[in-house]
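Each remark here refers to the structure printed beneath this line.
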Amino acid sequence: MTNDTDIAIIGGGLNGPTLALALARSGQRVTLIDSATTQVRKNAGFDGRAYALALTSMRLLRGIGVWDAVADHAQPMLQIKVTDGRAGEGPSPLAMQFDHAEIEEGPMGYMVEDRHLRRALLDAVSDEARITQMNGKTVVGQTVDATGITLAFNKGKPLRAALAVGADGRDSGTANRAGIKRIGWGYAQNALVCAIQHEAPHHGVAHQFFMPPGPLALLPLTGNRSSIVWSESVSNAAAINALPDADYLEVLRPRFGSFLGEISLAGARYTFPLSLSLALEMVAPRVALVGDAAHGVHPIAGQGLNAGMRDVAALAQVIEEAAMRGEEIGNIAMLQRYQQWRRFDNATLALATDSFNRLFSNDNPLMRLARDVGMAAISALPGLRRGFIREAAGLTGELPRLMQGD
């Protein structure tokens, strides 16, 4: 049977378009499928969402020709400060602090707002002749045979490809239809997300403040603005999110502190439940998973999107190398190479974020003392400190070519 496309990517959020561009760059014909229209996906206003892109994720975006379109909107992260304490009491003096000057490669990462990154990716996809977009269509079925996979839609004719990639989130229909099982659990926490305008400059410093109900991340945006990702118990989060803006800020201020001066909301605010969701397999016959479809983790370290970007870069490289050797795209041996590359790292990240959240989201005095002393010890030892900085920058492990330096 003749394929309509080489690779069908289901999910047009961030990982899907990134993978489409990486594959098109190596000569593959790609079809990018999303249930929403391009206009809806591209024209979202500022809603407070932003991403901490590791240095290696920036390299990937640069390699696929997208970084120049977002560079002016990107805020370098020059330092990370991690502290522990209670709301209104200030942080413990025992803390971890990381500075980008301790590594040679540059800033540890960049904060980029969702609206800028999403629009840049979709513009680049529209300009790439090897990518066909199917918008406003939902995949409702997939059938695998010896040479390919056929996708059925809620409307219109089916599509046949050598490989289907699920980039369709934690509730991945692609994974479900392929029979891939998941493990996971909720954290009885919800994240409150917003952006804040503040009086004093942040100097490119990202803060992570651990409190008993959950962590609060304060992440620098361009100008005197910061993105807030604030975890609370489900009941507290619901009550706080229901407050008017002025009362919401009154609850936030003692957690935020006064070091940046007066604060005000800069855009919308929203909330979402926090959970762990890990696919037991990243591949099935003629199917591969990337991003949240394979691993949805707690945002405690801001590494969810970066892990997805590593999936994208690794899968693109595995496919490119298979094509160069004359292998059939989507064969099970090729897919197993991708899984072997990414599975351990993703499981390790899920375990690490889960453990960190459980360690810090409690008020046990002995646990607090142990973790504060541990953070101070890490900060005092240059070798350990540098290792954490390189981890935050995404520079550890086997890097795909698109994430390596020039």
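Counting only residues that are on the phi > 0 side of the Ramachandran plot and at pLDDT below 95, how many does the stretch 198-222 have?
So the count comes out to 1.
Cβ-Cβ contacts under 7 Å between residues 6 or more apart (or on different chains), taken from a first residue in the stretch 185-209 that is of a type in the set (Val, Ile, Thr) to a second residue that is open to solvent by less than 10 Å² (accessible area, probe 1.4 Å), are listed as 193/48; 193/228; 196/226; 196/228; 205/220.
Can you find a residue that is over 22 Å from residue 312 (Cβ atoms), among the aliphatic types (A, V, I, L, M) and at pLDDT below 95 anywhere in the stretch 282-297?
The initial filter retains those residues of the stretch 282-297 that are over 22 Å from residue 312 (Cβ atoms), namely none.
Within the stretch 282-297 (the criterion being over 22 Å from residue 312 (Cβ atoms), among the aliphatic types (A, V, I, L, M) and at pLDDT below 95), the answer is no, since none of the residues qualifies.
Contact map, the stretch 133-144: residues that are over 14 Å from residue 168 (Cα atoms) paired with residues that are part of a loop (DSSP other than H, G, I, E, B) and among the charged types (D, E, K, R), Cβ distance under 8 Å, separation 6+ or inter-chain. Pairs shown: 144/286. Among residues of the stretch 240-260 that are farther than 17 Å from residue 216 by Cβ, those with a Cβ under 7 angstrom from a residue that is open to solvent by less than 50 Å² (accessible area, probe 1.4 Å), sequence gap 6+ or separate chain, pair up as 245/265.
So if I check each of 121, 151, which one is in contact (Cβ under 8 Å) with a residue 40 or more places away in the chain, over 30 Å from residue 383 (Cβ atoms) and in a helix (DSSP H, G or I)? First the steps, then the outcome.
On the way: 151 fails: in a helix (DSSP H, G or I).
The unique qualifying residue is 121.
Checking 385, 390, 371, 343 one by one, the residue that is assigned to a helix (DSSP H, G or I) and modelled with pLDDT of 80 or more is 343 and no other.
Taking the criterion of being open to solvent by less than 60 Å² (accessible area, probe 1.4 Å), out of contact with any Asp or Glu (no Cβ under 9 Å at 6 or more places or on another chain) and among the small types (Gly, Ala, Ser), the residues of the stretch 115-153 that qualify are 124, 141, 148, 152.
Residue by residue through the stretch 75-114, note down the ones that are over 24 Å from residue 309 (Cα atoms), at pLDDT 70 or above and open to solvent by less than 20 Å² (accessible area, probe 1.4 Å). Even if it seems obvious, please write down each step before you answer.
We begin by selecting, within the stretch 75-114, every residue over 24 Å from residue 309 (Cα atoms); these are 81-97, 101-102.
Of the ones still in play, those that are also at pLDDT 70 or above are 81-84, 86, 96-97, 101-102.
Residues satisfying the conditions are 82, 84, 96.
Is it the case that the stretch 132-153 has a residue that's farther than 17 Å from residue 30 by Cα and of a type in the set (Lys, Arg)? No, there is no match, as no residue in the stretch 132-153 is farther than 17 Å from residue 30 by Cα and of a type in the set (Lys, Arg).
Set side by side, the residues 217, 188 differ, and just one is open to solvent by 40 Å² or more (accessible area, probe 1.4 Å) and either closer than 30 Å to residue 35 by Cα or small (Gly, Ala, Ser) (or both), which is 188.
Could you please find all residues in the stretch 154-181 being in a strand (DSSP E or B) and either under 19 Å from the mean Cα position of the chain (by Cα) or without any contact (Cβ under 8 Å) to a residue 60 or more places away in the chain (or both)?
Residues of the stretch 154-181 in a strand (DSSP E or B): 159-166.
Matches in the stretch 154-181: 165, 166.
For the stretch 192-271, which strands (runs of 3 or more DSSP E) that fit wholly inside it have 2 or more residues that are among the basic types (Lys, Arg)? Steps first, please.
Working: elements: 205-211, 214-221, 225-233, 263-265.
Hits in the stretch 192-271: none.
For the stretch 15-30, indicate whether the set of residues that are touching a helix residue (DSSP H, G or I) at 6+ places or on another chain (Cβ under 7 Å), modelled with pLDDT of 95 or more, under 20 Å from residue 303 (Cβ atoms) and open to solvent by 20 Å² or more (accessible area, probe 1.4 Å) is non-empty. For the stretch 15-30, residues touching a helix residue (DSSP H, G or I) at 6+ places or on another chain (Cβ under 7 Å), modelled with pLDDT of 95 or more, under 20 Å from residue 303 (Cβ atoms) and open to solvent by 20 Å² or more (accessible area, probe 1.4 Å): present.
Scan the stretch 60-79 and report the pairs whose first residue is over 11 Å from residue 107 (Cα atoms) and whose second residue is part of a loop (DSSP other than H, G, I, E, B) and open to solvent by less than 30 Å² (accessible area, probe 1.4 Å), with Cβ atoms within less than 9 Å and a gap of 6+ or a chain change. Pairs found: 60/66; 60/400; 67/74.
Selection of the stretch 253-279 for residues being open to solvent by 30 Å² or more (accessible area, probe 1.4 Å), aromatic (Phe, Trp, Tyr) and under 19 Å from residue 84 (Cβ atoms) yields only 259.
May I ask you to list the residues in the stretch 31-66 that are assigned to a loop (DSSP other than H, G, I, E, B), at pLDDT 90 or above and open to solvent by less than 10 Å² (accessible area, probe 1.4 Å)? Within the stretch 31-66, just 66 meets the criteria.
Residue 199 falls short on exactly one of the conditions (1) farther than 18 Å from residue 296 by Cα; (2) among the charged types (D, E, K, R); (3) crowded, with 21+ Cβ neighbours inside 10 Å, and that condition is (3). Select from the stretch 123-153 the residues that are over 25 Å from the mean Cα position of the chain (by Cα) and of a type in the set (Ser, Thr, Tyr) and write down the one among them that is farthest from residue 176 (Cα to Cα). Restricting to residues being over 25 Å from the mean Cα position of the chain (by Cα) and of a type in the set (Ser, Thr, Tyr), the top hit is 147.
The values are calculated or read from the model by the stated rules, or taken from the named source; none is laboratory data. As the structure is a computational prediction, the values presented were derived from the model and not from experiment. FYI the Cβ positions are ideal-geometry reconstructions off the backbone, even for glycines, and counts take in every protein chain you see. Side chains included, ligands, DNA and RNA excluded: accessible areas come from the protein's heavy atoms. Shrake-Rupley method; radii C 1.70, N 1.55, O 1.52, S 1.80 Å.
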